[in-house]
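See structure below.
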Amino acid sequence: MRTLPFLVALVLAGPATGGAWLREKGTGFLSYSGVYNEDGRLDGAVYLEYGFRPKLTLGAKVDIDMTDGRTGDGTVFVFGRKPLRTGERRYKLAYEVGIGSTFGDDAEMLLRTGLSYGRGITLWDKNGWLAIDSAVEWAMQDGTDTTKLDATFGLTLNDRFKVMMQAFVSHTDTSTTTTLAPSVIWQRNKETPSYQLGVEAKEGTYAIKLGVWRSF
């Protein structure tokens with residue numbers, strides 16, 4: 001329960017793509033990315049969403065340490081997301097519940113609860129979006145609960161290019177870390193994947209991020 005006041009403060013102060021926007025029934029989204037840190041660490045991530053029903057999106061996410069080609073520590077989750085009523089308001093809200101586990105030397109079951117906010121915006125005659133995804137990953141045994149906040153500002157420059165600025169905050173009882181991540185997304189046309197190139201800055205350490213997005 002100690003993480004709840006921190007989570008509430010973050011939500012009131014303010015998704016990454018997805019989040020409050022549910023997938024249309026029968027459509028999906030897949031992304032995979034790698035982040036190479038200047039200290040030699042390589043992290044990989046896979047994210048999947050599928051519109052199971054008009055008001056239910058199912059998904060899965062895996063984060064893993066791939067340094068030196070080995071399978072290291074990481075987390076895996078499966079989740080369901082449903083919308084919250086917002087009437088005629090311009091923003092969207094959704095909540096998420098998932099179950100997962102850490103893996104590696106200290107595997108532990110995790111429960112994930114989340115709340116997402118999103119809205120479309122217009123800036124300099126360009127269409128964009130603002131998304132805030134907040135979550136708590138509850139350790140089911142002796143581990144530490146983790147509170148997370150992902151904030152994304154994105155802007156569509158033209159038919160091929162988008163830009164994003166993201167901030168990721170992770171909080172436990174003993175530490176809080178913040179990562180800033182600007183990136184550019186390029187897509188040749190609507191039928192092809194999108195490619196992401198970005199950098200991440202975390203506590204004075206920098207990393208390169210490469211990602212691929214695919215809708216289906």
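Tabulated data
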| item | result |
| --- | --- |
| Some residue of the range 109-132 being at positive phi and assigned to a loop (DSSP other than H, G, I, E, B) | yes |
| Single condition residue 139 does not satisfy, out of (1) within 24 Å of residue 189 (Cα to Cα); (2) at pLDDT below 95 | (1) |
| Residue 205 vs. criteria of a type outside the set (Phe, Trp, Tyr) and crowded, with 16+ Cβ neighbours inside 10 Å | no |
| Criterion violated by residue 128 - all others in (1) over 16 Å from residue 148 (Cβ atoms); (2) modelled with pLDDT of 95 or more satisfied | (2) |
| Hits in the range 172-196 - residues which are out of contact with any Gly (no Cβ under 8 Å at 6 or more places or on another chain), part of a strand (DSSP E or B) and among the polar types (S, T, N, Q) | 176, 177, 178, 179, 187, 194 |
| Residue satisfying all of: in the range 111-134; of a type outside the set (S, T, N, Q) and touching a helix residue (DSSP H, G or I) at 6+ places or on another chain (Cβ under 8 Å); surrounded by the most Cβ atoms within 10 Å (Cβ to Cβ) among these | 132 |
| Count of residues meeting criterion [among the charged types (D, E, K, R) and either within 19 Å of residue 153 (Cα to Cα) or touching a strand residue (DSSP E or B) at 6+ places or on another chain (Cβ under 7 Å) (or both)] in the range 180-214 | 5 |
| Condition check for residue 212: in contact with a Pro (Cβ under 8 Å, 6 or more places away or on another chain) and of a type in the set (Val, Ile, Thr) | yes |
| From the options 212, 199, 97, 169, residue that is part of a strand (DSSP E or B), at pLDDT 95 or above and in contact with a Leu (Cβ under 6 Å, 6 or more places away or on another chain) | 169 |
| Output for the range 139-152, where each listed residue is crowded, with 17+ Cβ neighbours inside 10 Å and part of a strand (DSSP E or B) | 146, 147, 148, 149, 150, 151, 152 |
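Conditions (1) of a type in the set (Asp, Glu); (2) closer than 25 Å to residue 207 by Cα, marked per residue:
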residue	(1), (2)
41	no, yes
48	no, yes
53	no, no
58	no, no
67	no, yes
73	yes, yes
79	no, no
90	no, no
93	no, no
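The values are calculated or read from the model by the stated rules, or taken from the named source; none is laboratory data. This is a predicted model, so every value here is computed, not measured. As a convention, Cβ positions derive from the backbone with ideal geometry for all residues, glycine included, and neighbour counts pool all protein chains shown.
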